[in-house]
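Any read-out appearing in this document is the output of simple, stated calculations on the displayed coordinates, not a laboratory observation. These numbers come from a predicted model, not from an experiment. We place every Cβ from the backbone using ideal geometry, glycine too, and count neighbours over all the protein chains shown.
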Amino acid sequence: MATQKEIICSPEAFWHNGPPCVIWGASPEDEGTAFLPYAHRPHFLIAADGGAEKAKKLGLEPDILMGDMDSLADFSFDAEKNVIRLPAEKDDTDLYAAAREGLRRDFRRFLLIGCTGGRLDHFLSVLSVLAFLEQEGAQGLVLSDGNRIFWAKGPFQAVIPNDPAFQYFSLQAMDKTVTDVTIKGAKYPLSDYTLHRESSIGISNEIQGEAAFVSASAGELLIIQSS
C-alpha cells in the first residue's frame with residue numbers, strides 16, 4: 001500500500017527542511033509580486049529567460065539565469081558563469097528545464113513565480129511542470145497575486161489553512177477519476193466521493209474554521225486557492 005502523502009497548502013510550508021528553489025517565469029501578465037512577502041527568506045532563485053528582468057525589477061538577483069534568451073530585451077548578469085544557455089529549438093520549455101536543474105541540485109520544494117496569464121498553452125505547460133515535480137517526488141506551487149495552485153496525487157491528505165486573502169478553494173481532477181475524495185472543514189463537504197475529470201462539483205468551495213482538510217486514495221488533482 002502506498003504511503004499517504006501529507007500536503008500543507010501554504011507557501012510558508014515550502015521553507016520546511018531548508019530553502020526552496022524559486023523558478024521565475026516570463027509571463028507578460030504576472031510580475032511576480034506575490035513572492036515579495038517571502039523574498040526575505042533564504043531561497044535559490046533560477047530565472048527562466050525573461051523572468052530574470054522581472055525578478056531584478058523587484059530587487060532580486062537570480063542565482064542562475066537559464067533559457068534560450070528569446071524573451072530578454074536588455075539584461076546584464078554579473079555572474080556569467082551562472083548562465084545556462086539553451087538552444088532555441090528544444091524539447092523542454094525554459095521553465096521545465098529550470099525545474100530539471102533544480103532537481104539536479106537536490107531541491108524538493110519549488111515555487112513557480114511569474115507563470116500565470118499570457119498564452120494559454122504556456123500556462124497549461126506550467127501545470128505539466130507541477131505534474132513532473134510530483135512524479136519526481138518533489139512538490140511545486142504556482143504562486144500569483146490571485147491564485148495558489150498545488151498538484152496532489154493520491155493517496156494524500158492536504159491541509160488548507162484559512163487565509164483571508166484566499167477566500168475560495170477548488171479541486172479539479174486531472175485523472176479520469178480521483179477516488180475516495182473527502183473534504184472536511186468546508187462549506188461543501190464530501191465523503192469518499194469519486195471525482196470525475198468532467199465534473200465541476202469541486203469548484204469554488206469555502207473554508208469553515210481554521211482550515212479545510214482534503215484527502216483522496218488514488219488519482220491526481222489540482223488544489224487551487226483563489227482570492
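Distance cut-off 27 Å, Cα to Cα: go down the list K153/K184; K54/K90; K54/K153; K5/K90; K5/K54; K5/K184 and report the pairs above it.
Numbers: K153/K184 18 Å; K54/K90 24 Å; K54/K153 32 Å; K5/K90 34 Å; K5/K54 34 Å; K5/K184 17 Å.
Violating the 27 Å Cα-Cα cut-off are K54/K153; K5/K90; K5/K54.
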(request) Towards the positive end of the charge dipole of the chain, with charges on Cβ (+1 Lys, Arg; -1 Asp, Glu), say which of I207, Q225, Y96 has the farthest Cα. (result) I207
(request) For segment 110-173, give the magnitude of the charge dipole about the Cα centre (Cβ charges: +1 Lys/Arg, -1 Asp/Glu; no others), in debye to the nearest 20. (result) 60 debye
(request) With θ set to phi - 60°, apply the Karplus curve 6.51 cos²θ - 1.76 cosθ + 1.60 along segment 119-129 and write out the HN-Hα couplings as whole Hz, x wherever there is a Gly or Pro. (result) 5, 5, 5, 5, 5, 4, 5, 5, 5, 5, 5
(request) Only bridges with both residues in the chain count here: give the DSSP antiparallel percent, nearest 5. (result) 60 percent
(message) What are the ³J(HN,Hα) couplings of segment 88-105, residue after residue, when phi is run through the Karplus curve with 6.51, -1.76, 1.60 and θ = phi - 60°? Round to Hz, x for glycine and proline.
(response) 5, 9, 7, 7, 8, 5, 4, 5, 5, 4, 5, 5, 4, 5, x, 5, 4, 8
(message) Bin width 5 Å, origin at 0, all Cα-Cα pairs of the chain: what percent of pairs per bin?
(response) 1, 7, 15, 19, 19, 15, 11, 7, 4, 2, 0
(message) Stokes-Einstein diffusion coefficient for segment 88-131 at 37 °C in a medium of 0.692 mPa s, Rh from the Kirkwood formula over Cα pairs: what value in µm²/s?
(response) 292 µm²/s
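Rounded to the nearest 20 debye, what is the charge dipole size of the chain about its Cα centre when +1 sits on each Lys and Arg Cβ and -1 on each Asp and Glu Cβ? Mind dumping the intermediate values first?
Values: 20 positive and 32 negative charges, 111 e Å.
Around 540 debye, computed over the chain.
Can you give the percent of C-alpha pairs in segment 84-173 whose distance is more than 15 Å?
It works out to 64 percent of all Cα pairs.
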(request) Would you pull out the residues with amide H under 5 Å of A186's amide H, same chain only if 5 or more places away, H placed 1.01 Å from N? (result) Q208
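How many percent of the alpha carbon pairs in segment 154-226 exceed a separation of 15 Å? Don't jump to the answer; show the numbers that get you there.
Values: 1201 of 2628 pairs.
Value for segment 154-226: 46 percent of Cα pairs lie more than 15 Å apart.
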(message) Using the Karplus curve 6.51 cos²θ - 1.76 cosθ + 1.60 with θ = phi - 60°, what ³J(HN,Hα) values do you get for each residue of segment 202-210, in whole Hz, with x for Gly and Pro?
(response) x, 8, 6, 9, 9, 6, 10, x, 7
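Counting only helical runs of four or more DSSP H residues, what would the 222 nm mean residue ellipticity of the chain come to if each run contributes -39,500 (n - 2.57) and the total is spread over all its residues?
Details: 3 runs with 34 residues, N = 227.
Counting only the DSSP helices, I get -4500 deg cm²/dmol.
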